[in-house]
Amino acid sequence: MLNVEIVIKTNFNPSEKHLADIKIWLVEEWNETNSGFYCNWNIIENEFAKKNVAVITENDFVIGFIVYRIYEFQAVIDIAETKPTERKKGIARKLINDTLDYFEQNGILVCELFCSPKYSEPFWKRIGFENFPDLPHNSRINMFKPLIETLKPTEKAESDTKISLWNCEPYQADREKAKWNWDLNFIEDNKTLAKPIIFPVSSDWQVELTKNGQIIVSEKVKRFRIDLANNGSFMIIRKLTT
């Protein structure tokens, strides 16, 4: 009996042949179930041309793929799909974890996605993604995962040097307590945080910086002068410049 070695490999530079593999089983799924991502084929082709598609192969045949976009410090997963016959075998988990490692190696700090279909939310949570807080005018299930160790928020600050964030605009904040607080610790320069803050926000929310008990800044996120204040959907703070 001939033993055939099975080679599973993640590839971040897929070929036209790999794109054709994807189309084969997306079309099959669409014809059989009238579901799947073949309806997004134009998006897949366009992002493939931009080198924003990763694939996982079994003996060089594609059995799963991810479509993504990369910004300066943020990646967005638009589509993550596995060939129907290969689901519930750990293929998707391997592909996604390999892709997150790839993002981290390329300087990405956080990954974001829109959870669709909704029933996939528990899967993403098992991989370490968290839900966004409720954002204005947004009913979608958005999720995120920092790719580096971050400073976590608390309900109440313990120190007098902190950043506080409200889930409302400044004109409402004087009637509300801050929703999230971060006690700040710095490295030797007293400006760079020992752990960065990466948190989803509305750019119109109120944020406040307090140093040694004195309020230094009290303003909307988008006007808060930090090194990376309003990067897409996130408040990213690594160093205070105020």
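The values are calculated or read from the model by the stated rules, or taken from the named source; none is laboratory data. The model shown is predicted, which means the values in this text are computed figures rather than measured ones. As a convention, Cβ positions derive from the backbone with ideal geometry for all residues, glycine included, and neighbour counts pool all protein chains shown.
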Query raised in the report: Could you say whether any residue in region 71-83 is over 20 Å from the mean Cα position of the chain (by Cα) and either modelled with pLDDT under 95 or crowded, with 19+ Cβ neighbours inside 10 Å (or both)?
Result: yes
Report summary line: Of the candidates I91, I66, the one satisfying the condition of being touching a Gly at 6+ places or on another chain (Cβ under 6 Å), surrounded by 15 or more Cβ atoms within 10 Å (Cβ to Cβ) and not basic (K, R) is I91
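Filter region 42-59 down to residues that are farther than 19 Å from E104 by Cα and without any contact (Cβ under 8 Å) to a residue 24 or more places away in the chain and give me whichever is surrounded by the fewest Cβ atoms within 10 Å (Cβ to Cβ). Explain how you work it out, then say what you get.
First pass over region 42-59, keeping only residues farther than 19 Å from E104 by Cα: 42-50, 57-59.
Next cut, without any contact (Cβ under 8 Å) to a residue 24 or more places away in the chain only: 42, 46, 49-50.
Details: N42: 8, N46: 13, A49: 10, K50: 10.
Ranking the qualifying residues of region 42-59, first place goes to N42.
Condition check: assigned to a loop (DSSP other than H, G, I, E, B) and not assigned by TED's automatic domain parsing to the domain that holds F234. Does K88 satisfy that?
On the way: assigned to a loop (DSSP other than H, G, I, E, B): yes; not assigned by TED's automatic domain parsing to the domain that holds F234: yes.
So K88 passes the test.
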Report summary line: For region 180-192, pairs from a residue that is without any contact (Cβ under 8 Å) to a residue 24 or more places away in the chain and closer than 7 Å to K162 by Cβ to a residue that is of a type in the set (V, I, T) and assigned to a loop (DSSP other than H, G, I, E, B), with Cβ under 7 Å and 6 or more apart or across chains, are none
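Quick one: which residue in I24, I66, I44 is aliphatic (A, V, I, L, M), assigned to a strand (DSSP E or B), in the same structural domain as F114 (by TED's automatic domain parsing) and modelled with pLDDT of 95 or more? Show your work before the answer.
Working: I24 fails: assigned to a strand (DSSP E or B); I44 fails: assigned to a strand (DSSP E or B).
One residue alone meets the criteria, I66.
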Requested in this report: May I ask you to list pairs of residues, at least six apart or on different chains, whose Cβ atoms are under 7 Å apart, with the first in region 150-162 being closer than 15 Å to I197 by Cα and the second being modelled with pLDDT of 90 or more and outside any strand (DSSP E or B)?
Outcome: T161/L184; T161/N212; K162/L184
Report task. Output the residues belonging to region 185-203 that are aromatic (F, W, Y) and surrounded by fewer than 19 Cβ atoms within 10 Å (Cβ to Cβ). Result -> F186
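Here are some residues: W166, W182. Which one is surrounded by 16 or more Cβ atoms within 10 Å (Cβ to Cβ), in contact with a Phe, Trp or Tyr (Cβ under 7 Å, 6 or more places away or on another chain), farther than 20 Å from Q74 by Cα and assigned by TED's automatic domain parsing to the domain that holds V217?
Details: W182 fails: in contact with a Phe, Trp or Tyr (Cβ under 7 Å, 6 or more places away or on another chain).
That would be W166, the only listed residue that is surrounded by 16 or more Cβ atoms within 10 Å (Cβ to Cβ), in contact with a Phe, Trp or Tyr (Cβ under 7 Å, 6 or more places away or on another chain), farther than 20 Å from Q74 by Cα and assigned by TED's automatic domain parsing to the domain that holds V217.
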